[in-house]
Structure formats: C-alpha cells, structure tokens
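Only one structure is covered here, and it is reproduced in the block below.
The values are calculated or read from the model by the stated rules, or taken from the named source; none is laboratory data. Note that the structure is predicted; figures quoted are calculated from it, not measured. For neighbour counting, all protein chains shown are included, and Cβ atoms are generated from backbone atoms with ideal geometry for every residue, glycine included. Calculation scope for accessible area: heavy atoms of the full protein, side chains included, ligands and nucleic acids excluded. Shrake-Rupley method; radii C 1.70, N 1.55, O 1.52, S 1.80 Å.
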Amino acid sequence: MNTTASEVLEFIRENDVKFVRLSFCDLFGVHKNIAIMSDELEYAFKNGISFDANSIKGFRDVNNSDLFLFPNPATISLLPWRPGPGRVARFFCDIRTPDGSAFLHDGRHLLRQVSEKYEKMGYICKIGAECEFYLFKIDEDGEPTTKTLDRGGYMDIAPLDKGENMRREICLTLEEMGITPESSHHERGPGQNEVDFKFSDALVSADNLITFKSVVKAIAARNGLFASFMPKPLPDCAGNGLHINISLSHNGRNIFKDAPGGKDSKVTDSFIAGIMSKTPEITLFLNPLANSYERFGAHEAPKYVSWSHQNRSQLVRIPAATGEKVRMELRSPDPTINPYLAFALIMSAGLEGVEKGFALPPAVDADLYHADESVTSGLTALPTSLDEAIRLARDSEFVKCIIGEEPLNRFLSVKEVEAADYRAAANKADFCRESYFFSC
C-alpha cells in the first residue's frame with residue numbers, strides 16, 4: 001500500500017473514500033477510533049486530530065486531557081465490509097501530546113522503540129499469532145447467547161463444522177486488507193475456530209492482530225452471529241488461546257535453525273531462556289483478565305514454566321518446521337492482550353536473555369497435564385489468579401523498566417479494582433459474563 005501522505009491522499013481521491021477512521025488502542029488493548037471526513041485527512045497528517053484522553057481508560061486525567069492522533073500513512077486499509085459509494089479507510093495512529101512529543105502510554109510507540117533496539121543490534125524479530133475465537137448465536141433481540149454455532153470439534157468438517165463459510169469470508173476479507181491468512185480450521189470447542197495469518201515484523205503483527213479481531217467481529221455480526229475472544233467463555237470447554245510464534249534473525253539468518261539445546265544454539269537458548277524467566281512477572285500483560293486464569297492447565301493451555309520440542313503441554317514449544325518457519329511458540333497468552341505491550345515485553349525479555357547469556361533449562365519431555373509431582377515439583381508455576389499476576393508485575397523491576405512507571409501504575413490501579421470486584425463477586429461466572437463476555 002502507499003506509504004507517503006501525498007500518495008495516500010491521491011489514493012483516497014481516486015478510490016471514492018469519504019470516511020476515514022483513525023484507530024488506536026487504549027492501555028488495555030481495546031480498539032478505539034474516531035471517524036473524520038476524507039477532506040480532513042491532509043490536516044490530520046500535519047496537525048493531528050484531538051480527542052479526550054480522560055475518557056480513554058488508562059490514559060490521562062480530566063485536568064490534562066488533550067491528546068492528538070496522527071495517522072500513519074503506511075497503515076492505510078480499506079474496510080471491505082463498508083463498500084462504495086462513500087468507502088471507508090482506516091489508519092493506525094501515533095498518539096502525541098500537545099507539544100508534539102510521543103505519548104508514553106501509547107503501546108505502538110513502546111513497541112516501535114523495542115523493535116528499533118533490536119535493529120541496532122542487528123536483530124529482526126518476526127511474530128505470528130494463532131488466534132482462537134468462539135461463534136455464538138444471537139437471540140430474537142439481537143443479543144448474544146451462550147449457544148454455540150455448532151457442536152463440532154478439532155478440524156471437523158461440515159456439517160459438524162458450521163463455521164467454514166465464516167472462516168472463508170474472514171480469510172478473503174483479510175486478504176483484501178493486505179493481511180495474508182495461512183490456514184483456518186475448527187478448533188476443539190463447540191463453535192470454536194482458529195485463523196492463522198502470516199508472521200511479520202512485530203509492529204505490523206500487532207496491528208494485524210487488532211485488525212483481525214475487528215474483522216472477525218464485523219463478519220460475525222454481518223452473518224447474525226456473535227464472536228467472542230473471551231479466554232474461557234464456556235467453563236467445561238477449551239479456552240481461547242493466542243499462541244505467539246516468534247522467530248529471530250541476526251544479519252538475515254534465522255537463529256532458530258540452531259535447534260535449542262544443540263552445540264551451536266547459544267543465542268537461541270538464551271533468547272528462549274530470557275522469555276521463560278520473565279513470563280511469570282509479565283503474565284498480567286499476557287493474560288489480563290480474571291477469567292484468563294480459568295484457562296490454564298487444561299485443553300493445551302500451560303500451567304508451568306517449561307519448554308520442549310513439539311509438546312503442547314509446555315509454556316514454550318519448538319514446533320516441527322523447516323526454513324523460515326523454524327521458530328518458538330509461546331502458548332500462555334490469550335486474545336485479550338494489548339499486543340503492543342505484550343510483544344514489547346516478550347521481545348525485551350528475550351533480548352535480555354541474549355545480552356546476559358541466560359542458560360536454557362533442560363527440556364521437560366512429559367505430559368504436564370497428567371505428570372506426577374516428581375516431574376512438576378521442580379518447575380515454576382504460572383500465576384493462578386489475577387491477584388497473583390498483579391503482585392508479580394508490581395514487584396518486577398523489569399516490567400517497570402519496559403512499560404514505564406506511570407503507565408504501569410495506571411494499568412495496575414485498574415486491574416487491582418477488577419481483581420477486588422472479582423473476589424467480592426458471589427457468582428464468579430456471572431461476574432465474568434457481565435464483565436467480559438460482551439466486550440471481548
């Protein structure tokens with residue numbers, strides 16, 4: 001797509017674009033936008049569009065509430081579900097303060113800084129996301145129900161799988177928006193689906209994940225369904241995971257070709273070890289809801305800090321692959337992350353491991369869902385609750401250094417209230433449904 005402001009303005013004129021959505025995320029990864037008419041876009045490129053940051057969770061107080069959105073020309077995409085006449089284009093935006101400086105609570109800015117640090121050291125980090133979601137029926141009033149679209153299971157086909165046309169439509173829409181889908185299938189849960197798209201640079205991958213979720217929501221609604229990314233929407237079924245695949249290249253060479261644990265794998269080992277060592281203290285940003293912790297320890301969601309080749313009960317798995325697809329897979333996150341903050345923390349953890357030469361512990365070649373205490377007693381467990389994750393993040397100098405003290409304190413203050421409300425709830429399932437089901 002066109003990458004300069006002047007080229008984009010010409011594209012807008014030639015393609016009957018009348019409305020422009022300026023997109024960004026709040027501190028918690030919730031997708032926000034403001035729409036302007038296309039005639040205002042040139043002004044937006046030069047001067048930004050102001051908004052009330054006090055009304056965005058985790059941003060600013062009422063006495064200092066002005067911020068500005070500056071659309072990034074390289075992120076333009078037409079929204080296929082809003083056809084002409086009067087087409088709609090969307091940009092991801094940089095957030096700036098009135099004096100023109102970067103807003104420190106802007107996750108895109110943080111992730112860009114981390115990526116630039118990698119590049120200065122000769123590294124490129126590529127990230128690909130495997131995102132799961134449920135499709136639910138809606139009632140006669142158009143409200144979501146907990147009745148799933150089908151009763152299919154893992155990789156079932158029609159007629160058990162009733163979501164194949166939906167996935168086809170999602171993939172075609174992603175292609176129209178410049179995102180390359182690689183595969184899609186029915187997942188383990190009834191009405192549960194997965195669509196995987198091609199890995200990319202970290203910032204592009206984070207943008208793509210936000211786009212993906214909005215596409216799934218829009219296509220589901222257009223088909224009279226409700227899509228949910230809630231980590232555990234059904235108590236007795238598989239949760240929605242977000243497996244994050246990471247590859248690292250140095251001067252153009254994929255270091256994961258040096259298999260972990262091998263004689264030439266020092267950088268690979270240290271990168272993985274760095275991520276593993278920091279995962280407990282960054283879990284709040286990988287699993288940010290009280291409901292997130294209901295997913296751990298079952299249905300291929302990890303419970304311990306461990307790694308292995310191909311083993312799906314581990315925190316880190318090294319999938320069987322060749323060429324550019326050789327990578328590591330982090331299996332604990334769920335789709336409710338702020339991808340900019342999460343990716344920045346994961347990448348920073350890996351880089352610290354490389355810089356400090358962290359040693360990779362031995363692989364755990366066991367089914368950790370059914371292993372006895374002789375296997376698990378020596379392993380560090382992931383946090384088991386939102387409260388525990390908050391405590392680990394608050395005590396982490398690493399998290400404070402990467403996120404920044406003020407954004408971290410704002411994040412923690414909101415999550416502490418949420419955790420307290422969850423503890424006080426007489427019915428935890430009702431709390432999760434009212435707090436998360438409709439918004440995730």
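Some points to look at:
- Residue count for the range 279-333, restricted to those that are buried (at least 19 other Cβ atoms within 10 Å of the Cβ) and either of a type in the set (Val, Ile, Thr) or without any contact (Cβ under 8 Å) to a residue 40 or more places away in the chain (or both): 7
- Selected residue [more than 21 Å from Leu330 (Cα to Cα), in contact with a Cys (Cβ under 7 Å, 6 or more places away or on another chain) and modelled with pLDDT of 95 or more] from Pro190, Pro144: Pro190
- Residue in the range 72-84 that is outside any strand (DSSP E or B), closer than 30 Å to Leu412 by Cα and open to solvent by 40 Å² or more (accessible area, probe 1.4 Å) present: no
- Checked against the criterion of being closer than 19 Å to Thr211 by Cβ and out of contact with any strand residue (DSSP E or B) (no Cβ under 8 Å at 6 or more places or on another chain), the range 137-147 contains not a single residue that satisfies it.
- Matching residues, the range 202-218, being surrounded by fewer than 22 Cβ atoms within 10 Å (Cβ to Cβ), touching a residue at least 24 places away in the same chain (Cβ under 8 Å) and over 14 Å from the mean Cα position of the chain (by Cα): Ala218
- In the range 55-67, the residues that are open to solvent by 80 Å² or more (accessible area, probe 1.4 Å) form Cβ pairs under 9 Å with partners that are at pLDDT 95 or above and in a loop (DSSP other than H, G, I, E, B), at six or more places apart or across chains, as follows: Lys57/Asp26; Lys57/Leu27; Lys57/Phe28; Lys57/Val30; Asp66/Thr97; Asp66/Pro98.
- Screening the range 292-320 for residues that are charged (D, E, K, R) and in contact with a Phe, Trp or Tyr (Cβ under 8 Å, 6 or more places away or on another chain) and picking the one that is nearest to Asp269 (Cα to Cα) gives Arg317.
- Screening the range 353-440 for helices (runs of 4 or more DSSP H) wholly inside it with 2 or more residues that are in contact with a helix residue (DSSP H, G or I) (Cβ under 8 Å, 6 or more places away or on another chain) and hydrophobic (A, V, I, L, M, F, W, C) returns the ranges 386-394, 397-403, 405-424, 428-432.
- Subset of the range 155-167 [over 15 Å from Phe133 (Cβ atoms) and of a type outside the set (Val, Ile, Thr)]: Met155, Asp156, Ala158, Pro159, Leu160, Asn165
- The set of residues in the range 36-46 that are open to solvent by 70 Å² or more (accessible area, probe 1.4 Å) and under 24 Å from Pro85 (Cβ atoms) comprises Met37, Asp39, Glu40, Glu42, Tyr43.
- If you go through the range 1-31 and keep only what is surrounded by fewer than 17 Cβ atoms within 10 Å (Cβ to Cβ) and within 22 Å of Val414 (Cβ to Cβ), you end up with Val30, His31.
- Scan of the range 399-418 for residues that are within 30 Å of Arg312 (Cα to Cα) and open to solvent by 20 Å² or more (accessible area, probe 1.4 Å), ordered by number: Ile402
- For Asp421, the conditions (1) at pLDDT 95 or above; (2) open to solvent by 30 Å² or more (accessible area, probe 1.4 Å); (3) under 21 Å from Ser308 (Cα atoms) are fulfilled apart from (3).
- Scope the range 117-148; condition out of contact with any helix residue (DSSP H, G or I) (no Cβ under 8 Å at 6 or more places or on another chain) and in a loop (DSSP other than H, G, I, E, B); matching residues: Gly122, Asp139, Glu140, Asp141, Gly142, Glu143
- Any chance Ile244 is touching a residue at least 24 places away in the same chain (Cβ under 8 Å), under 18 Å from the mean Cα position of the chain (by Cα) and outside any helix (DSSP H, G or I): yes
- Any hit, the range 85-98, residues being at pLDDT below 95, among the aliphatic types (A, V, I, L, M), outside any loop (DSSP other than H, G, I, E, B) and in contact with an Asp or Glu (Cβ under 9 Å, 6 or more places away or on another chain): no
- Matching entry among Ala238, Ala259, Ala158 (being open to solvent by 20 Å² or more (accessible area, probe 1.4 Å), in a loop (DSSP other than H, G, I, E, B), hydrophobic (A, V, I, L, M, F, W, C) and in contact with a strand residue (DSSP E or B) (Cβ under 8 Å, 6 or more places away or on another chain)): Ala259
- Which listed residue is in contact (Cβ under 8 Å) with a residue 12 or more places away in the chain, basic (Lys, Arg) and under 27 Å from Lys213 (Cβ atoms), from Arg410, Arg394: Arg410
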